[in-house]
Amino acid sequence: MLRAAGAGLAMLALSACAGGQYRPVADTPVRIGKPYAVRGTTYVPAAAPAYDAVGYASWYGSESGNRTANGEKFRPGWITAAHTTLPLPTYVEVTALDSGRRIVVRVNDRGPFAGGGRIIDLSKGAAEALGAHRQGVVPVRVRRVEPSDKDRARLRKGKPAAMLAPLPPRELAALRARLAAGER
């Protein structure tokens, strides 16, 4: 029994060396994390099961190969995002307020830290899927969702989740008004 346990530990150690310094893409464990400060601002991660905010999204893609905040390898073409306080990983629906287009995104990193009302940084792949890759910053709604197991699996492999219908014009107008009023 000790020999089997020792062999298992040796295999784990070797797989850690072979896999590099990145954590495998997985939905567990979910990490909330401790408060942290960036550029003089303190962020306090929280569970936030009812998270629903309007603001702005930017996108990033030149950090290819870097480690995300939850330890995974950043892949710019995948449908991922960075958020300052949501647990890692978390799934969110992102709606472009200019078009009503919606996508489900897997949050696996921390950011944005640029200000200007930015509430999420999208990977290049997510920005392209949302139709926002030509703009630097776009108005969005971000709300936490619990996608199907099939969509979770697709996103963990870098593929997009099932297409969502655009938001109805009446709902879109209400969200635009909320943003214009400065509500989050």
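Observations, loosely collected:
- Count of the stretch 59-100 residues which are in contact with a Pro (Cβ under 6 Å, 6 or more places away or on another chain) and within 27 Å of L172 (Cα to Cα): 5
- Restricting attention to the stretch 131-146, the residues that are farther than 15 Å from V54 by Cβ and modelled with pLDDT of 95 or more total 2.
- Subset of the stretch 129-163 (residues that are surrounded by 14 or more Cβ atoms within 10 Å (Cβ to Cβ) and either of a type in the set (A, V, I, L, M) or touching a Cys at 6+ places or on another chain (Cβ under 9 Å) (or both)): A129, L130, A132, V137, V138, V140, V142, V145, L155, A161
- A37 being hydrophobic (A, V, I, L, M, F, W, C) and free of Cβ contacts under 8 Å to residues at least 24 places away in the same chain: yes
- When we screen I79, I32 for residues that are at pLDDT 75 or above and either of a type outside the set (A, V, I, L, M, F, W, C) or out of contact with any helix residue (DSSP H, G or I) (no Cβ under 7 Å at 6 or more places or on another chain) (or both), the only hit is I32.
- From the list P139, P168, the one residue that fits, being over 14 Å from the mean Cα position of the chain (by Cα) and within 25 Å of A47 (Cα to Cα), is P139.
- When the stretch 149-160 is filtered for residues that are farther than 9 Å from R106 by Cβ and in contact (Cβ under 8 Å) with a residue 12 or more places away in the chain, the ones remaining, listed by number, are K150, D151, K157, G158, K159, P160.
- Any hit, the stretch 118-130, residues being in contact with a Leu (Cβ under 8 Å, 6 or more places away or on another chain), assigned to a strand (DSSP E or B), within 16 Å of Y56 (Cα to Cα) and in contact (Cβ under 8 Å) with a residue 40 or more places away in the chain: yes
The values are calculated or read from the model by the stated rules, or taken from the named source; none is laboratory data. Since the model is a prediction, treat every value here as computed from it, not as a measurement. As a convention, Cβ positions derive from the backbone with ideal geometry for all residues, glycine included, and neighbour counts pool all protein chains shown.
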